[in-house]
Each structure stands twice: as C-alpha cells, then as structure tokens.
Amino acid sequence: MCGIVGAVAQRNVVPVLLEGLSRLEYRGYDSAGLVVVRDGKLERVRSIGRVAELTEKSKNTRGLIGIAHTRWATHGAPSERNAHPHISKNHIAVVHNGIIENYEALRTRLTAAGYEFTSDTDTEVIGHLIHSHYARGNSLLSATQAALKELVGAYAIGVIAADNPDQIICARRGSPLLLGVSDSEYFIASDVSALLPVTRRVVYLEEGDVAEVGRGGYRIFDATGKRAERAVQTSELSEESVQLGEYKHYMQKEIHEQPQALADTLESVCNSQTLVPGIFGAEAAATFACIDSVLILACGTSYHAGLVARYWLEEIAGIRCNVEVASEYRYRTSVPNPKSLVVVVSQSGETADTQAALSHAKKLGHDHTLAICNVPESALVRLCKLRMLTRAGPEIGVASTKAFTTQLAALFLLTLVLAKQRGRLTAQQEQQHLHELRHLPGATQKVLELEPHIARLAKQFAGKQHALFLGRGLHYPIALEGALKLKEISYIHAEAYPAGELKHGPLALVDKDMPVISVAPNDALLEKLKSNLQEVRARGGELYVFADANTHIREADGIHIMQMPEHAGYLSPILHTIPLQLLAYYVALQKGTDVDKPRNLAKSVTVE
Ligand code: F6R
C-alpha cells in the first residue's frame, strides 16, 4: 500500500527519496510523487505508474529537504492530480498513508473558508488544515499538532513548508512510521527497507506521536503533546534479504526461502528437548492456564493459516477454536467469551481490519491476546499481551508464501504447547512432534525439487479461465490457499471446495475445460477423496493431483499426478502448500502477469 519517504540533509535528497520509493514499490501503488524546497518554493513532481517514470521526470529537481510518496488509490482514481504530495496555497506539502474518515465535513468547512481543492483525495484536507493553523502564526509543529486533533481516521504523514527548509514534521496514528538517524542527516519512512542504503539506525514512532525532524536532530512528542523518548534501534534487515539475487521474482525467491524461514521460526524449539509456553511470552503459562477456547482473527492468507490451526487445536489440544475473517468479526454482534485466547495472525502486523478486530475483541472484554506476526515492531505485536514472531524475513512479493508456512509452524507450536498444558501430550508424543519439526525444513527442501515438473505442467493452464481446487480436512484450507494464490497472480478465476461438497453444487461446473486440482495426502480421508476424484473424472474434468507416496492414485488419461514425499502427518499442510505456490507462480509466468505486484493489490493493507 502507500509508502512514505522523507529526508533532510546537507546534500541533494532527491536520489535518496527516489531510491527509498523504489524499495517500497513491492507494497503496491499506482502513482508516485515527491516535493522539495528549492529557493524558498515548493517544487513538486508527480507521475502515474512506476517510480522509474517519476525518476525520469525529476532529473532536474534538487533540494536539501523533501518528502515523497507512492499512492495506492482509495479516495479518487489513480491519476496525477490525485498523487501525493498535496500542496496547500503553494506553501504546505503533505504526504499521507491511511484514511481520513471525516474528510467530507472538513472539505466542506475548508472550501467555505476559501481553500481550493484540486484532487479527489481525503489527504488534501490535511494540508489545508495545517495551512489554516500555520497562517495564524503557529510554528509548523504546532500547526500540525492542532490539525491532527481535528482528524478522525488513520494516518502516517510527512509535512514540509516552503518557508521552512530545515524541518520535516511527521506523525502517526494507525499507520506505521519511523525515523532514520545518521550523522547530521535525518529521514522518515513508512518501512525500514526504504532507508537501508542510508541508515540502519531507526526510531519507531508510537501511536499518536508527532516528530520534528531537522538537520541537527529530532524531537518526539507523544499523543498528549509531551516530549517523549523513543529508543534508537539498529534494524537487522540486511541489504541481501531485500535483493532478488539469482531469482527472477521475489515470489520465487520467497518460495525457495521456506526451508530456512521454517528453520529460523522453529529454531528455539528444535534446539530444545521440551516445549515451554515461554516461547509466546513471559505471561503465557499463566494465560494459557485460564483459557477455555481460542478465537483466531485474520485476513486472506493469514486467515487460511488460522483455518488449518482450528483442525490442529481441536484434535490435538482438545480446545474449542473459532476462526473469523477480521473484517467480518469487527462489525458483527458476537458473543464474547473472556476466557478465550484471541490470536491475531498477520504477516505485516499492520493490516487495518485485523487491528480493528483486535481492538473490537478487547472492547468486548477479551484480555488474553496473542500476536503471531512476521514484523517485530508492528502494531499488532505491540498491542497484544503475548507474541510469537515468525522469522520469515522480509516478504516482498505481494502474494504471501513464506509468511504463510511459518505462520502454520507457529500455530502448530501453539497447539502443542496448549496440548501439553492441558495434559493431552505424553512425553513420547512431545518428543515425536519435536523430531518431526526438526525434519520439517529438510522435507520442505525436498518438495521444492518438484519445481521443474510443475513448471512444465503450468503450460497446460495458460489458456484456462477457471480452476477448481479440492481438499479435505486439514487440507481443505490448503486448497483455499492454492486457489487464492492462483487467482491473485495469474488472474484465473479459482474456487476451492471441501471435496465432499462437490456433488452439492460445484460439480455442475466440471467439464473438459475445467482443471481440478486436488490435494491428496495419504491420510484417513484418502479413500473418500478418491471417490470425489472419480466423480470429477466421470464428468470429463481434467485432474491434477498432488499425491503423497503410497496413495496408489495412478497417472491415466485426464489424471496428472505430482508425486509428493511420504505423508508428513500433522505437518502435511505445510508441505502441500509449496507445490500450489509453485503452480500459481509458473502459471502467472505463462500468462506474463506482474508476479510480484499483481494488479489492484497491495502488500500491507493498512486501510479498511
Ligand atoms: C495473499 C495475501 C493477503 C494477506 C492479507 C493479510 O497472498 O498476502 O491475503 O494475507 O492481506 O495480510 P497480513 O498477513 O499482513 O495481515
């Protein structure tokens, strides 16, 4: 989604801004822009499309202070006039991530006060509001603070003024923002990866913070306006981790990083002989002792991880589990259970719907909260009592891959810890699970060897309009995830069903043009699944079966088999995910889509 970069230095900051924006491209955007102060005037460049075009257009732009933005359209179509920065009266420039909910009322008021609106965005009200306070003689900091008090909604903003070439004012509420610190150069960004070429030393702003950033340093004020100290941290993100290296796309790289990501996520557990609640935080043992159920809240792929976990939690730990799409839960009237453990699952930790669902749950009296998240400094991690960090490393491709499998690993650990605490795990079973977890990264590596086979198979999908994914039990959510991956990046319409549901409706769709992809683990439901596959074959459907060893499903006319390794028991969903990711990737390659930045989608969905 939208990205922010800003810089104040003793050198021309335009290259820093452009490099920062290009590093935020992965978040998804449709236009970009920047503004600098030059000779007491604001000089702005905006363009629709890629940062490369903005770079071309900014060849002659220079300035020692500037702010820049990539925009993912919410209010107003993608167009140059809607691109940020927005400027008020040639004087105040603003970049903004988030959504201002009361912008219509503010727009009416500001229009009546003589402000002219040149875009359809909600952001433009921020610049005019700040200007209205600045024009009354307030400093840029006080004018911004006063304007923020009038805003309802979510924001991360950067602000500069034509007559103040020394200061950027920035603030956050509901959207992430951080400061970058270097020798006599200071930066702002919505994501640390934007600043890696210039600094690794960062200060994460907290909810409601406002900061004044100049060449000589910075000052932070909290939501009440008091001076606040925030620690300077050294980001562990390496240049390498955000470079493509030998791969063609980030998605391909991230699929291949899964063995390492799983090994890193499971490191502390696999190096130990026993499972302890402490991996979820110091208060985990006490919290887990008083819960009687689990409520998982998440969106998209992370929601699918939650769906798998429900099977594990109910079967292995014997604890009731509900899984809800965050955007539904936040608005429906539900029956709260204060003894439930609320688990939010998220790659970014900034997803607006998941954050809102968490605060809704808290308002309903849910006190026991756990974040399973890939970004340590994210809002969700800060807002939950307990946490387990997945260690997938930065995920750049919009389609989530390694974040999903590491979420599954973390949720499996939660299952085992709860099972142990509830007396449902013998010492022998615990050792067996630990043994299997230690082998998981190696098993994942083996599945990746299917890549050339899947690449060949993908050619058969290039001309298809629709696809059906089938799974049963633990693997039904994997079918959902396979369908989501295919539709996101190849734009082929894909649906997933529990295989037993076929005859209750979707079978009507099956004909020779409908590829049916089936996840076929060698588990207790295999024979049932085989009957469902016969139903498809009898209607002329073309079957693509990802079958474990010893399933005895044979290649035949209209039946293509991808041979998976031995059945991996409870961990099988993790292994079965990988070929479906590869299938989506290679079909997208066939279709020539923008794999890492599929149309209309964004990486971190920080707006509702
Ligand atoms: C799909 C995908 C999205 C995200 C969803 C939640 O490939 O990436 O469906 O899973 O937007 O994002 P996080 O996990 O960051 O909360």
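State whether one or more residues within the stretch 524-535 are open to solvent by less than 10 Å² (accessible area, probe 1.4 Å) and within 30 Å of GLU395 (Cα to Cα).
no
Could you look through the stretch 285-305, keep only residues that are touching a Leu at 6+ places or on another chain (Cβ under 6 Å) and within 16 Å of the ligand (Cβ to nearest atom), and pick out the one that is least open to solvent (accessible area, probe 1.4 Å)?
Applying the filter and picking the extreme gives ALA305.
Of the residues ALA455, ALA409, ALA419, only one is modelled with pLDDT of 95 or more and either within 26 Å of the chain's Cα centre (by Cα) or not aliphatic (A, V, I, L, M) (or both); which? Write out each step before concluding.
Values: ALA455 fails: either within 26 Å of the chain's Cα centre (by Cα) or not aliphatic (A, V, I, L, M) (or both); ALA419 fails: either within 26 Å of the chain's Cα centre (by Cα) or not aliphatic (A, V, I, L, M) (or both).
None of the other options fit; the residue is ALA409.
Sort out which residues of the stretch 477-505 are away from the ligand (no atom under 16 Å from the Cβ), crowded, with 18+ Cβ neighbours inside 10 Å and over 18 Å from ILE559 (Cβ atoms), and write them in order of number.
Listed by number, the residues that qualify are TYR497, PRO498.
Looking for whichever is touching a residue at least 40 places away in the same chain (Cβ under 8 Å) and open to solvent by 40 Å² or more (accessible area, probe 1.4 Å) here; the options are GLU101, GLU53. Which one fits? Can you show your working first?
Values: GLU53 fails: touching a residue at least 40 places away in the same chain (Cβ under 8 Å).
That would be GLU101, the only listed residue that is touching a residue at least 40 places away in the same chain (Cβ under 8 Å) and open to solvent by 40 Å² or more (accessible area, probe 1.4 Å).
Could you list all residues from the stretch 221-240 that are touching a strand residue (DSSP E or B) at 6+ places or on another chain (Cβ under 9 Å), within 18 Å of VAL202 (Cα to Cα) and in a loop (DSSP other than H, G, I, E, B)?
Hits for the stretch 221-240 are ASP222, GLU229, ARG230, ALA231, VAL232, SER235.
Which is under 30 Å from GLU25 (Cα atoms), of a type outside the set (Val, Ile, Thr) and more than 16 Å from the ligand (Cβ to nearest atom), of LEU386, LEU448?
Working: LEU386 fails: under 30 Å from GLU25 (Cα atoms).
After applying the criteria, what remains is LEU448.
Name every residue in the stretch 565-608 that is more than 14 Å from the ligand (Cβ to nearest atom), at pLDDT below 95 and within 19 Å of LYS402 (Cβ to Cβ), in order of residue number.
Once the filter is applied, which keeps residues that are more than 14 Å from the ligand (Cβ to nearest atom), at pLDDT below 95 and within 19 Å of LYS402 (Cβ to Cβ), the stretch 565-608 yields only ALA568.
Hey, GLU481 hits all of (1) under 25 Å from the mean Cα position of the chain (by Cα); (2) under 19 Å from ARG539 (Cβ atoms) but one; which does it fall short on?
(2)
Just checking, does the stretch 402-413 include any residue being touching a residue at least 40 places away in the same chain (Cβ under 8 Å) and more than 16 Å from the ligand (Cβ to nearest atom)?
Start the filter on the stretch 402-413 by keeping residues that are touching a residue at least 40 places away in the same chain (Cβ under 8 Å), which leaves 402-413.
Filter again for more than 16 Å from the ligand (Cβ to nearest atom), leaving 412-413.
Yes, some residue in the stretch 402-413 is touching a residue at least 40 places away in the same chain (Cβ under 8 Å) and more than 16 Å from the ligand (Cβ to nearest atom).
Have a look at SER346, SER327 and point out the one that is farther than 21 Å from THR390 by Cα, within 16 Å of the ligand (Cβ to nearest atom) and touching a helix residue (DSSP H, G or I) at 6+ places or on another chain (Cβ under 6 Å). Give the steps one after another, and end with the answer.
Working: SER346 fails: farther than 21 Å from THR390 by Cα.
On inspection, the qualifying residue turns out to be SER327.
Kindly indicate whether any position in the stretch 167-180 is out of contact with any strand residue (DSSP E or B) (no Cβ under 9 Å at 6 or more places or on another chain), at pLDDT below 95 and open to solvent by 20 Å² or more (accessible area, probe 1.4 Å).
Within the stretch 167-180, the first condition is being out of contact with any strand residue (DSSP E or B) (no Cβ under 9 Å at 6 or more places or on another chain), and the residues that meet it are none.
No, because not a single residue in the stretch 167-180 is out of contact with any strand residue (DSSP E or B) (no Cβ under 9 Å at 6 or more places or on another chain), at pLDDT below 95 and open to solvent by 20 Å² or more (accessible area, probe 1.4 Å).
Would you call GLU240 open to solvent by 50 Å² or more (accessible area, probe 1.4 Å) and without any contact (Cβ under 8 Å) to a residue 12 or more places away in the chain?
Numbers: open to solvent by 50 Å² or more (accessible area, probe 1.4 Å): yes; without any contact (Cβ under 8 Å) to a residue 12 or more places away in the chain: yes.
For GLU240, the condition - open to solvent by 50 Å² or more (accessible area, probe 1.4 Å) and without any contact (Cβ under 8 Å) to a residue 12 or more places away in the chain - is met.
Would you say GLY423 is within 16 Å of the ligand (Cβ to nearest atom), on the phi > 0 side of the Ramachandran plot and not charged (D, E, K, R)?
Spelling it out, it is not the case that GLY423 is within 16 Å of the ligand (Cβ to nearest atom), on the phi > 0 side of the Ramachandran plot and not charged (D, E, K, R).
With respect to the numbered conditions (1) under 17 Å from ILE220 (Cα atoms); (2) in contact with a Gly (Cβ under 6 Å, 6 or more places away or on another chain); (3) open to solvent by less than 10 Å² (accessible area, probe 1.4 Å), which one is the sole condition not fulfilled by ILE160?
Every condition holds for ILE160 apart from (2).
Identify, from the list LEU474, LEU448, LEU468, LEU440, the residue that is closer than 30 Å to ASN532 by Cβ, surrounded by fewer than 19 Cβ atoms within 10 Å (Cβ to Cβ) and under 26 Å from the mean Cα position of the chain (by Cα). Reasoning before the result, please.
Working: LEU474 fails: surrounded by fewer than 19 Cβ atoms within 10 Å (Cβ to Cβ); LEU468 fails: surrounded by fewer than 19 Cβ atoms within 10 Å (Cβ to Cβ); LEU440 fails: surrounded by fewer than 19 Cβ atoms within 10 Å (Cβ to Cβ).
Only one candidate passes the filter, namely LEU448.
The values are calculated or read from the model by the stated rules, or taken from the named source; none is laboratory data. Model, not experiment: these values are computed from the prediction. As a convention, Cβ positions derive from the backbone with ideal geometry for all residues, glycine included, and neighbour counts pool all protein chains shown. The protein model used for the area step is the full one, side chains on, heavy atoms only, and it has no ligands, DNA or RNA in it. Shrake-Rupley method; radii C 1.70, N 1.55, O 1.52, S 1.80 Å.
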